Structure formats: structure tokens, C-alpha cells
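The values are calculated or read from the model by the stated rules, or taken from the named source; none is laboratory data. In this text the structure is predicted, and so the values were computed from the model without any measurement. All Cβ positions, glycine included, derive from the backbone under ideal geometry; neighbour counts span all protein chains shown. Accessible surface is based on the protein model in full, side chains and every heavy atom, while ligands, DNA and RNA are left aside. Shrake-Rupley method; radii C 1.70, N 1.55, O 1.52, S 1.80 Å.
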Amino acid sequence: MQQTRVNQGFEYYVRFIERFPNVKSLAEADEQEVLKYWQGLGYYSRARNLHKAAKKIVSDFNAQFPKTYKEIISLPGIGEYTAAAISSFAYNLPYAAVDGNIYRVLSRISANDTPIDTTAGKKVFTEIAQNLLDKLQPGLHNQAIMEFGAIYCTPANPDCQNCPLLDFCEAKKLNLVQQLPVKQSKTKVTNRYFNYFFIQNGKSTYLQKRTKKDIWRNLYEFPLIETDGEMDFSSLVQTPEFKTLFENTDYQINKISKPFKHMLSHQIIYAIFYDINILGENMRLQSFEKTELSNLYLYPISRLTELFLESIEK
DNA sequence: AAGCCGGGGTT
DNA sequence: AACCCAGGCTT
């Protein structure tokens, strides 16, 4: 779930384990299909890493999930929290799992204003959690603190009146509950401008795979021209990118989509989709993946592209 | 140590 | 609009 609410991921989990019921089935799958099952969840590196981890478990651990903390944390996509969670939940090993809930609970209980999103904070609160851990039932303990954080010690309006730990809470004594936990960094948001081309050539259209270190890595999208600012069509046609895309091609604008404002946690994407019909092809278009419209459902796509496709369905 | 990586629900 | 979510990886 890593930075995702359990409710948001639950249906994905059900469908995922139905399609990939064991580690071998996941290891043998194509990444594209794994991403397709992740489509819409976000943080797609989790899907890629889960797939890599499955391959590693098959190749390095004889298809058996490793049973030591050291081996578990060696798997891609598994960091300190997840390794501790698996180790304690599944194998009753004495590792404190420190997720967002536990950072909040511990910072309040101990009235500690060390920023939780720093190396120092990670060290401090992991140490407190490890000292507090019930070594005889670490899994139960870890899950109990997480549930406590989710039910009583919530971020905005904690239920201090009914809190079973009220007498132990330093933040409550000092009236600091609302100020804790402290966070240091605010992620700054950058604006981006995407001009997509939904090109129809008979029954087919064109896609490309996002392979760079950027958002939506390894997802598919329509041919894209990214610009520094909003650009209307009359300006767009004069860019070298547009000229290359449609040179020697007979194209006709079918429709221009409404402007999409797609907000991510760290980017705001302003997108337009141009619905274009063409006759014939050129060199540039041949470099894209040409696919029949009826097969579009096979490709993992971003929520933005999904929303565009939904908007033209009717 | 700081920045990047999504999408959606709450406040 | 700001915050947060059963965080991890890269730079």
C-alpha cells in the first residue's frame, strides 16, 4: 500500500492476487500486464518492483518467500517499514514497523518535535518504536499501534477524549497535540503542458511507451508534444515537433478535447487531446506502436489518458 | 540530505 | 487549497 489508503487499494489487491495467485505466476508475467493490473493506483514503481521481487524470489530463493529481515529487505521495493511489517506479521520477528501512523503517535506521546520526514526523525522514532516493541508479539503490537493511530490519534481531529493512552501522552499534557508531528519539507509543484494526439488511421491509432525517468514510467500514451506553456493549435503546428510528426501526411482535425487539469502531488499537468484523422503514414509515425483501437485496453495508461478515453466513449 | 514518484479522500 | 495515506528509490 505504500503511501496509499488501504480502501483505495483493496479492490486492486483482490484482482491482482486472482490473476497472480502465487509468486511464479507473477514472475512469469510480462511487466506490461502487471502494470495493467496496477493502472490507476499511482506510484507505478511499486508494480515494477513487485514484479522484480517475484523474479528474484523465484531465481534466488527457490520460489520461497525469504524468512529473515536481511533477505526480505534485499527485495526491490521493500524498505525498512515493509521489511519490518512482513518480518513481524508473518514470522513474529522483533522488528518495529514505523509507518505514517506510528510517526504521528510516537511524536505526540513523547512530545518530540523532530521532523518526521528527515533522516534524524527516521532514526529517532524508529529507535523509540524499537524500544517500545513487545518482543513476544511484535506483529500484534505493530498493527495495534497503527490501528490506534488510524482510529484515535488521527492527523486532524484526534479523539483525545476517548484515548486509552491519554495519561501517557506528553503532547496532551503540554497542549501540543495539534502541532505534532512536525514536517519539514513541502513539495513544490511544477506546471507542465501536454499536447496529445489521438491519431486515427482507419481502425488504428498510435502509442508510445514512457521510458524516461519521469512520471508514468513504462506506461503508454498517445504521441505527445510537451510545451513550456499553454499553446493553441495555430502555434503548435509551427513547432518543429509538430512538423516532423505530420510531415508529408494528410491530416484532418476531427475534434479538440476540453482542457484537462490533472493534479499530481508534485505536478499540475495541463493537457489537450487533438483527435486527428490521417491518411497514410510517414517515418515519424512509424516509430510509434501502431495498434487497433479495439486493443487499446491491453496497454497500461495513466489516469489522465484513461479519463480522456472515457470522455470520448459516449 | 533532498527530490521524485500518483491518485484520491478529508479537512 | 493543504494535508495525508500500512514508503522506497535515486540523485
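Note on the range A:209-291: Cα-only Rg and Dmax are 13.8, 40 Å. Computed over the alpha-carbon pairs of chain A, the distance histogram in 20 Å steps reads 26, 46, 26, 3 percent, short to long.
Where the alpha-carbon atoms of the range A:63-131 are placed on the principal axes, they occupy 44, 22, 16 Å, in descending order. Looking at the range A:223-291, the GluC sites (Glu not before Pro) that sit in a DSSP loop and have at most 16 other Cβ atoms within 10 Å of their own Cβ are A:230, A:247, A:281. When Rg and the Kirkwood Rh are both derived from Cα coordinates, the Rg/Rh ratio for the range A:24-143 amounts to 1.04. Only protein atoms count toward the accessible area here, which uses a 1.4 Å probe; on the range A:181-268, the carbon and sulfur part of that area reaches 46 percent.
Sparse packing (at most 16 other Cβ atoms within 10 Å of the Cβ) combined with a DSSP loop state is found for the following trypsin sites (Lys or Arg not before Pro) in the range A:78-148: A:135. Counting only protein heavy atoms and using a 1.4 Å probe, what share of the accessible area of the range A:6-179 belongs to carbon plus sulfur, as a whole percent? Its accessible area is 55 percent carbon and sulfur atoms. Out of every Cα-Cα pair in the range A:87-188, what percent are more than 22 Å apart? Here the long-distance tail beyond 22 Å is 28 percent of all Cα pairs in the range A:87-188. Taking trypsin sites (Lys or Arg not before Pro) across the range A:1-48, the ones in a DSSP loop with at most 10 further Cβ atoms lying within 10 angstrom of their Cβ are A:5. Each listed q (0.10, 0.14, 0.21 Å⁻¹) maps to a log10 I(q)/I(0) for the range A:146-279, found by the Debye formula over equal Cα scatterers with no solvent: -0.55, -0.74, -1.28. To the nearest 10 degrees, how steep is helix A:119-132 against the longest Cα principal axis of chain A, on a 0 to 90 scale? Taking the Cα atoms of chain A, the angle to A:119-132 is about 40 degrees.
Looking only at A:168, A:260, A:89, which one moves most when chain A is put into a Gaussian network model with springs between Cα atoms under 10 Å? Maximum among the listed residues: A:168.
Take chain A with all the other protein chains still there, run a 1.4 Å probe, and you get 58 Å² of accessible area per residue. Relative to the longest principal axis of the Cα atoms of chain A, the long axis of helix A:138-151 lies at roughly 70 degrees.
Straight-distance candidates among the lysines for linking to residue A:203, with alpha-carbon spacing under 27 Å and chain neighbours fewer than 8 residues away dropped: A:36, A:243, A:255, A:258, A:290, A:314. Pairs of Cα atoms nearer than 8 Å and 6+ residues apart set the relative contact order; for chain A it is 16 percent.
Centre-to-centre, using Cα atoms only, the range A:38-96 and the range A:283-303 are separated by 32 Å. Simple rule: put +1 on each Lys or Arg Cβ and -1 on each Asp or Glu Cβ in the range A:6-179, find the dipole, and look at A:49, A:8, A:163; the Cα lying farthest toward the positive end is A:49. Taking the helices alone, chain A has a mean residue ellipticity at 222 nm of -11500 deg cm²/dmol, built from -39,500 (n - 2.57) per DSSP H run of at least 4 residues and averaged over all its residues.
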